[in-house]
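Participant: Shown below is the structure under consideration.
The values are calculated or read from the model by the stated rules, or taken from the named source; none is laboratory data. These numbers were taken from a predicted model, which means no experiment stands behind them. Cβ placement follows ideal geometry from the backbone for every residue including glycine, while neighbour counts extend to all protein chains displayed.
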């Protein structure tokens, strides 16, 4: 029988229907405020946008449909995270916390409204890592390696910077004991298939711009924290980093209480978060997109911290931290002005 964390007390469980309804209600409030204030609408592409994402921005019909698509992609991404956590038992306690926390993190950031290029790309990234996780200690993981890289390549058609996570995928293959010459070549083939079809499309139309422009966007780093983030943004980002830090410290201090398989998954998510955060600091044009990617490991790591350790102090800490997170979110423009409109 697996050991449990000290302070385990079901009387103070956080993953309860009341908490789920609370998180969902807060998320719906942000979506309602964003819809009333037309936050992020019309959806526009910038210099870092891929040709496919620019096409998506042009064909979105109206405000209502655009927001419904954004909600569907947010809930869909949350469901994929929940499915991965449930099937692979990343958190040993059965919980819906990653599902609702992911929705909250996406909903509370105006930079994600109503959707951005990472909205479809994160589907592909979650699917890629799900394929990677299921290949754990599998000697015949060539297909999983191909699928992981294929989904990353498909996601890069919407948001090219997702290709930076391919080395993270290779590290995961090594960490899960499936990295070999065959699996490495399979991963290269998975990405290559996507861009082979893209090149064929370019040859057919005698226009190589979609192929060359995508790769040209990769080496364009900047330093957004030094120029574009305001004080409230600084506090928001550092507070989120603090929440993950306490989750990471807790994992390392109690790593013996999780199975080896679970620890490997959690270590991968920690590296994934660190890599995403570093890329967020480096890319000025895509800082909001990388924050959207960060929400994926953020929701699981934080859920692990608050789910496996229960007790009166942890119960109170959760609601205190949630309260400050909501306050910080409301302090960021444009939520303050929209708050008056909704009320």
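Participant: Which members of region 47-95 meet the condition of being farther than 22 Å from residue 112 by Cα and in contact (Cβ under 8 Å) with a residue 60 or more places away in the chain?
Facilitator: 85, 88, 89, 90, 91, 92, 93, 95
Participant: Could you check residue 255 against (1) surrounded by fewer than 17 Cβ atoms within 10 Å (Cβ to Cβ); (2) out of contact with any helix residue (DSSP H, G or I) (no Cβ under 6 Å at 6 or more places or on another chain) and say which number it fails?
Facilitator: That leaves (2) as the condition not met.
Participant: Follow-up question, since we're still on this one. Looking at region 32-66 only, could you name the residues that are part of a helix (DSSP H, G or I) and under 18 Å from residue 158 (Cα atoms)?
Facilitator: Within region 32-66, 51, 52, 53, 54, 55, 56, 57, 58, 59, 66 meet the criteria.
Participant: Output the residues belonging to region 136-156 that are within 18 Å of residue 191 (Cα to Cα) and surrounded by fewer than 24 Cβ atoms within 10 Å (Cβ to Cβ).
Facilitator: The answer is 142, 143, 146, 147, 150, 154.
Participant: Here are 59, 65, 81: which of them is modelled with pLDDT of 80 or more and within 19 Å of the chain's Cα centre (by Cα)?
Facilitator: 81 is the lone residue from the list that is modelled with pLDDT of 80 or more and within 19 Å of the chain's Cα centre (by Cα).
Participant: Taking residue 72, is it modelled with pLDDT of 85 or more and loosely packed, with under 15 Cβ neighbours inside 10 Å?
Facilitator: Criteria met by residue 72.
Participant: Check region 127-137 and report whether any residue there is part of a helix (DSSP H, G or I), within 12 Å of the chain's Cα centre (by Cα) and in contact (Cβ under 8 Å) with a residue 60 or more places away in the chain.
Facilitator: Looking for residues that are part of a helix (DSSP H, G or I), within 12 Å of the chain's Cα centre (by Cα) and in contact (Cβ under 8 Å) with a residue 60 or more places away in the chain, one finds at least one in region 127-137, hence yes.
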